[in-house]
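What follows is one structure encoded as C-alpha cells, with my remarks underneath.
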Amino acid sequence: LVCHPTKGDCLSSLIARVRIYLGCCPLRQGVKDCIYRSSGECPWDSVEFIDPLLPVNFINRLDRETSGVMLITKTQEAARIYGKIMREGRMKKSYQAIVKGIPEPKAGLIERPLGADENSTVVVKDCVREDGYPSETVYRLVKSFERDGNVYSLLNVFPGTGRKHQIRIHLSWMGCPIVGDKLYGESPEYY
C-alpha cells in the first residue's frame, strides 16, 4: 500500500484510508482539483464529515512492500512536535532485513552518498553516487542460514539518515541485496 495517492488510483493509499477511517474527505482537495467533484460524481458528497480538512500527517513513511510502524498525527501541533523529534534524531528507527549472502564485515557503518540513478530506466531508482546526499546506515549480522543451496543473512539495520530507499541501496551496494527487492535486487526489470 503506497503512503500517498497516485494519479492512477487516488483512493488506494494509506493517507486516504486513514482519512476515511477518521471521517474526513479522503482526497482533501479543493473542488476545482478534485477529479470526483469536477465530474459531478463525488462519492463523498453524501457523507457528513467531521472536518473535511482534518490535518492528517505522516511523521515517517515506509516504502511500498515494506512492513513496519508508521506514526500518523491528527493535529498540526502533534505533527510539529513529532516532526521536530524526528528531525533532531531523538526517535530511532530499526529494521530487520533478510539479505542474500553474508555481509563482510559482519557489522558496520555504510557512509555512502545517495542520489538519482541517471542510468536507470526506472524513474524512482536512486544509487550510491559521490555527488549525492550524505547517508548513513548501520547494520549488524544476527544470523546466516542456507536454503536451497543459497546463503542468506538476517540483519538488524539502523538508518542514521532518512534518504529514499536508503537501506535497500546501501545493502545492495555492499553486495547483500534484500531478498525479493524488485528494484535494487537481482534486476530492476522485476520492478
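Only Cα pairs under 8 Å and 6+ residues apart enter the sum, and on that basis the relative contact order of region 51-137 stands at 19 percent.
When a/c reaches 1.5 or more, the comparison of a/b and b/c decides; with that in mind, is region 147-191 rounded, prolate or oblate per its Cα gyration tensor? Write out the running numbers ahead of the final one.
Values: a/c = 2.62, a/b = 1.28, b/c = 2.05.
Oblate, because a/c is 1.5 or more while a/b does not exceed b/c.
Working from the alpha-carbon coordinates of region 72-111, get Rg over Rh, Rh being the Kirkwood radius.
Numbers: Rg = 16.3 Å, Rh = 13.3 Å.
Rounded to two decimals, Rg/Rh equals 1.22.
Applied to region 14-24, the Karplus parametrisation 6.51 cos²θ - 1.76 cosθ + 1.60 on θ = phi - 60° returns per-residue 3J(HN,Hα) values of 4, 4, 5, 5, 5, 4, 4, 4, 7, x, 10 Hz, with x for Gly and Pro.
Taking the accessible area of region 82-141, probe 1.4 Å, and keeping the other protein chains in place, the carbon and sulfur fraction comes to 52%. For the cross-link pairs LYS74/LYS182; LYS84/LYS182; LYS84/LYS106; LYS93/LYS125; LYS106/LYS182, the ones whose C-alpha atoms lie over 31 Å apart are LYS74/LYS182; LYS84/LYS182; LYS84/LYS106. Per residue, region 99-178 exposes 57 Å² of solvent-accessible protein surface, assessed with a 1.4 angstrom probe and all protein chains in place. Averaging the Cα positions of each part gives two centres, and for region 114-191 and region 73-102 these lie 19 Å apart.
The values are calculated or read from the model by the stated rules, or taken from the named source; none is laboratory data. Just so we're clear, the structure is a prediction, and the values are computed from it rather than from any experiment. These accessible areas exclude ligands, DNA and RNA; they are computed on the full protein's heavy atoms, side chains included. Shrake-Rupley method; radii C 1.70, N 1.55, O 1.52, S 1.80 Å.
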